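Readers should treat all values here as calculations from the given coordinates under stated rules, not as data from a laboratory. The structure presented is a predicted model; accordingly, all values stated were derived computationally and were not measured. Cβ placement follows ideal geometry from the backbone for every residue including glycine, while neighbour counts extend to all protein chains displayed.
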Amino acid sequence: MNIKENIKTLIVEKPLKLDCGQTINNFPLAYETYGSLNNEKNNAILVFHALTGDQFVTGINPITKKDGWWSYAVGSGKSIDTDKYFVICANVIGGCMGSFGPSHENPKTKKIYGTDFPVITINDMVNAQINLLDFFGIKKLFSVVGGSMGGMQVLQFISNFPDKAKTAIPIACTSSHSAQNIAFNELGRQAIAADHNWSDGNYNSKSIVPDKGLAVARMAAHITYLSKKGLQEKFGRKLQERDDLKFGFDADFQIESYLRYQGSVFVDRFDANSYLYITRAMDYFDLVKQFNGNLSDAFKNTKAKFFIISFTSDWLYPTQENKEIVIALNAVGANVGFVEIESDKGHDSFLLNVPDFLKALKNFLDKSYAENSHETRI
Amino acid sequence: MQKTVMKPEYKIISDLIEKDAKVLDVGCDDGTLMEFLKTNKNANIRGIEISKEKVQICIAKGLTVIEGNAEFDLKQFPNDSFEYVVLGQTLQAFINPETVIKELLRVGNKAIVTIPNFGHWKVRLNLLLKGTMPITNSLPHDWYNTPNIHMCTIKDFVRFSKIINFKIFKSLALINENVSDINNSNLIFKNLFGELGIFLIEK
């Protein structure tokens, strides 16, 4: 596959000081857009992707040839209607779909960065992406939207740039990564590190990759994205293409086979070092600490209208953690709506066909946009 | 929580609210009152509603609503966040009405509370003649499935203000879609004929 041909890239010339202390400049930021920017330039929505997402939000991903990760929500006539809105999404820095990441070559050493790549944070990610506004000549986005790590970027974005978005929709996320979140991420990282092929992150030069470790990391993480009930209903104790147990360690159960499949397809499209870097960025995310224990201070300067969405069966970023964001916003009198969507599909609900969610998202956006254009007319 | 749509009630509530005020509608249902106040008073209005379906309806109307339970979720609002807090016909459904009233008056400078009057003559007659728990248009549930666990009368609410110490700034009764003032001299009469009591209260 020829990756470069299908990837649009903005070279960010402006120096960006990372939280780790290093400064980067002239770095690539890969992005994709859908729909068209109107003359007033007030219909742009910046979508932030989650841990394993990329800039190819909807339609067929030109690299993987599969549906974009948010095809249910984004597209013509969908919740984030590309007939109406101009949707921009960038691959996060640290990622592996064209943006500056650990699989890039270090110009100084002429070697692949690997673990010499600077540790990046959610803050660094949004500070890199703000450059897209200048690039497109957008003064103010209509909305910033994202689920999971994408939601964390929404919160950080508003905190950093309080007047750069009219509306903000953080979905199934948290303001501070919990011990349990960090624990699961560490499990994934250790699975990668335990793969001999990882070689302390220097694998790229040998064209041997830690695919087994990365697959295990994905399998473990995938369980956390589903719910017990959802798994039980979908798989139960059903056997995989066999009538009885085989008294061995092949995938007897459908759930085993399913997870192995999820692991195997993931390694084809994702870089193990990027997985380490991005999970680290999530673990370091603590907006509460950034504001000395008072989350409300993160939002005190914004007039953005918030809509927070959580899911009943999401135990990775449970409703309570989403509600804490609502509480912090209410404490500074921000304009905030909140709904918890009934779903058995766990954390992944935001990526799936969950009609109540898709309806709420569409209604919020369309109604806010109608107000938005009304104000512009006046 | 079944609420009967009573347009006159909305009009009365709206008349009690100043223009451009910041208002919280507690138990905002499908947002009908919120829309009314937005249109008629240009109110900066928020809602809190326990039912997911109703929250969805409000979102579809472009209203800012938080899914939550007024009994527990008013805590999140700082003191004096709103000029008015409205509680329409739901006080009787709370486990602890006293806490709710205190929370309303903490969160808002003023509160508007409406109560279906259990002292209405039809309710009294219903119980007197039938000997069973009254079922009326505004109270359509059986005793075993009603969300209304703390019914009170207009007179009870007036007494309640003295017991837990809040001021009733204005009290109105709704009788056949007509609104009238309640005062000490007509309380017995209004308590017998008022279908709904509407109270503007302060700390």
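Using Cβ point charges alone (K and R +1, D and E -1), the dipole size of the protein assembly as shown about the Cα centre works out to roughly 980 debye. Checking the cross-link pairs A:Lys367/B:Lys54; A:Lys305/A:Lys345; A:Lys234/A:Lys359 against a 20 Å limit on the alpha carbon distance flags A:Lys305/A:Lys345; A:Lys234/A:Lys359 as lying beyond it. Using a Debye calculation, one point per C-alpha and no hydration shell, please list log10 I(q)/I(0) for chain B at q = 0.07, 0.08, 0.19 Å⁻¹ in order. After summing over all Cα pairs, the log10 values are -0.19, -0.25, -1.48. Note on A:Trp70, B:Trp143: ascending count of other Cβ atoms within 10 Å places them as B:Trp143, A:Trp70, the fewest first. For B:Lys11, give me every one of the lysines with a C-alpha distance below 19 angstrom, ignoring sequence neighbours fewer than eight places off in its own chain. Within reach: B:Lys3, B:Lys19, B:Lys22, B:Lys38, B:Lys41, B:Lys110, B:Lys170. Dipole check for the range B:122-174: with +1 at the C-beta of Lys and Arg, -1 at the C-beta of Asp and Glu, and the Cα centre as origin, the magnitude is about 320 Debye. Beyond 19 Å, what share of the Cα-Cα pairs of the range A:293-378 remains, rounded to the nearest whole percent? Cα-Cα pairs of the range A:293-378 separated by over 19 Å account for 49 percent.
Toward the positive end of the charge dipole of chain A, with +1 on the Cβ of Lys and Arg and -1 on the Cβ of Asp and Glu, the farthest Cα among A:Pro355, A:Tyr72, A:Thr109 is that of A:Thr109. Looking at the range B:77-203 alone, DSSP beta bridges between its own residues are antiparallel in about 75 percent of cases. Only helical runs count toward this figure. For chain A, summing -39,500 (n - 2.57) over DSSP H runs of n ≥ 4 and dividing by all residues gives -11000 deg cm²/dmol at 222 nm.
Given their separation in residues at 0.36 nm each and the Cα-Cα distance between them, A:Leu352 and A:His196 gain 52.7 nm when the chain is fully extended.
Structure remark: mean-square fluctuation, Gaussian network model of chain A, C-alpha springs under 10 Å; the largest value among A:Phe48, A:Phe247, A:Phe161 belongs to A:Phe247.
Where in chain A is the longest stretch that carries no GluC sites (Glu not before Pro) classed as loop by DSSP and with at most 11 other Cβ atoms within 10 Å?
On the way: sites that count: A:Glu13, A:Glu40, A:Glu241.
Longest stretch, sites excluded: A:41-240.
Rg and Dmax, both from the Cα atoms of the range A:230-295 and both in Å, are 19.3, 59. Each Cα pair under 8 Å and six or more residues apart adds its sequence gap; the mean of these over the residue count of chain A is a relative contact order of 18 percent. Each of B:His141, A:His177, A:His49 was scored by other Cβ atoms within 10 Å of its Cβ. Arranged with the fewest first, they read B:His141, A:His177, A:His49. Net charge in the neighbourhood of A:Phe27 (other residues with Cβ under 13 Å of its Cβ; Lys, Arg +1, Asp, Glu -1) is -1.
Of the residues B:Ala60, B:Asn109, B:Leu37, the one whose Cα sits farthest towards the positive end of the charge dipole of the range B:1-146 is B:Leu37 (charges of +1 on Lys and Arg Cβ, -1 on Asp and Glu Cβ, taken about the Cα centre). When the charge dipole of the protein assembly as shown is built from unit charges on Cβ atoms (+1 for Lys and Arg, -1 for Asp and Glu) and taken about the Cα centre, the candidate among A:Thr33, A:Phe249, B:Leu127 whose Cα reaches farthest toward its positive end is B:Leu127. Out of every Cα-Cα pair that the protein assembly as shown contains, those further apart than 31 angstrom amount to 55 percent. A simple spin-label model places pseudo-atoms 7 Å from Cα toward Cβ; at A:Ser76 and A:Ile11 they are separated by 3.6 nm.
Which number comes out as Rg/Rh for the range A:182-278 once both Rg and the Kirkwood Rh are worked out on C-alpha atoms? Intermediate values should be presented prior to the final figure.
Values: Rg = 15.1 Å, Rh = 14.5 Å.
Reported Rg/Rh (Cα atoms, Kirkwood Rh): 1.04.
Taken about its Cα centre, chain B carries a charge dipole of roughly 440 debye when the Cβ of each Lys and Arg holds +1 and the Cβ of each Asp and Glu holds -1.
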